[in-house]
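The block underneath contains the structure these notes are about, expressed in structure tokens.
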Amino acid sequence: MSASPKLARLLKLYQEHLQVRHAERTVPAYMADVRIFLAWLEEKGVELTGVRTQDLLAYQTDLYAARKKDGRPYSTSIQTNRLSAIKSFFRFLYRRGFMLHDPAAAVDYPRSELRLPRGILTKQEARRIVEAPEGKSPAGLRDRAILETLYATGIRVGELQKLTLSDVDTEERVLRVVMGKGGKDRNLPLTRAAAAAIERYLLEARPKLRGARRQALLFLSPRGCPLRASTANDIVHAWAKQAGIKRTITCHTFRHSVATHLLKGGADIRHIQALLGHASLQATERYTHVEVSDLMEVIRRAHPRGK
């Protein structure tokens, strides 16, 4: 869709608005979703300034009915993401005075599917992965620090990428996440193991990475460049494989595993919510659904005919 000069200007202003308030990966995703919606408006012959709530409800219906190339419907999370971008766009237009009202304000999100996290690590598996880097090479020490940080805090890969030297205090064992998802900051405790691994990395490994003095970021690539999300996930997967775990393990696997292990250890769900940076308790509550293996053990121990 070819945007008019006025629309192109609005999109540029909206993009700048997003860049200030959201994580780097969120911006292109929101912009792509808004452009998909604008193309839908053009197809329907509806002007942006004339959009009504009914138009947005019609778009939502089309999203629900749409199918991928393989014939499967779009998941609820994809539908929610697209609507979230559109609601954000119209809220921006209304607050900046480009529209007299916000037609998206009355549009509700589709009901979320409650899915249990998959591929949760056992405590033994998590320990094997974290302790897998045993060497003293700069890359090995960096990887150990990354793994310990992920398992200690459950931070998102995007939050890991943005950590700076000033965000970590190994003496007080505190990690500060600045502008996490939703533009919120939070302070997280580090385990002794994580603080020690980061301290060793800072003293023995990071100074040896190329260009380290010019970078304020905590974790760097071997060339001294910012760490990419794909690289961080590759690091986790490689050490998981080294530890004898065959399934695909990512940074997010650690996030799910931390929450599950803490809950099983007796942690309050609201503390887990604060650790993970969930805006809603609902997002954290899925970890309260015990696994089938737990239920089988309860039946075996407690049911009259379980033995």
- line: So, first residue touching a residue at least 24 places away in the same chain (Cβ under 8 Å) in region 91-112, second residue loosely packed, with under 15 Cβ neighbours inside 10 Å and among the aromatic types (Phe, Trp, Tyr), Cβ within less than 9 Å, six or more apart or across chains; the pairs are 110/64
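Please specify each residue of region 9-33 satisfying the condition of being farther than 20 Å from residue 84 by Cβ and under 29 Å from the mean Cα position of the chain (by Cα).
Answer for region 9-33, where residues must be farther than 20 Å from residue 84 by Cβ and under 29 Å from the mean Cα position of the chain (by Cα): just 12.
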message: Can you tell me which of (1) more than 20 Å from residue 260 (Cα to Cα); (2) buried (at least 22 other Cβ atoms within 10 Å of the Cβ) is the one residue 236 doesn't meet?
response: (1)
query: For region 131-165, how many residues are surrounded by fewer than 16 Cβ atoms within 10 Å (Cβ to Cβ), touching a strand residue (DSSP E or B) at 6+ places or on another chain (Cβ under 8 Å) and among the polar types (S, T, N, Q)?
result: 1
query: Taking region 33-52 on its own, how many of its residues are assigned to a helix (DSSP H, G or I) and touching a residue at least 24 places away in the same chain (Cβ under 8 Å)?
result: 10
field: Residue in region 14-25 that is part of a loop (DSSP other than H, G, I, E, B) and either touching a strand residue (DSSP E or B) at 6+ places or on another chain (Cβ under 9 Å) or at pLDDT 95 or above (or both) present
entry: no
- prompt: Can you find even one residue in region 197-217 that is within 23 Å of the chain's Cα centre (by Cα), within 30 Å of residue 27 (Cα to Cα) and of a type outside the set (A, V, I, L, M, F, W, C)?
  reply: no
message: Pull out all pairs, ordered by first then second residue, where Cβ-Cβ is under 6 Å, the residues are six or more apart or on different chains, the first lies in region 179-206 and is in the same structural domain as residue 277 (by TED's automatic domain parsing), and the second is surrounded by fewer than 16 Cβ atoms within 10 Å (Cβ to Cβ) and modelled with pLDDT of 90 or more.
response: 187/174; 187/176
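The values are calculated or read from the model by the stated rules, or taken from the named source; none is laboratory data. Because the structure is a prediction, the values reported are computed rather than measured. All Cβ positions, even for glycine, are placed from backbone atoms using ideal geometry, and neighbour counts span all protein chains on display.
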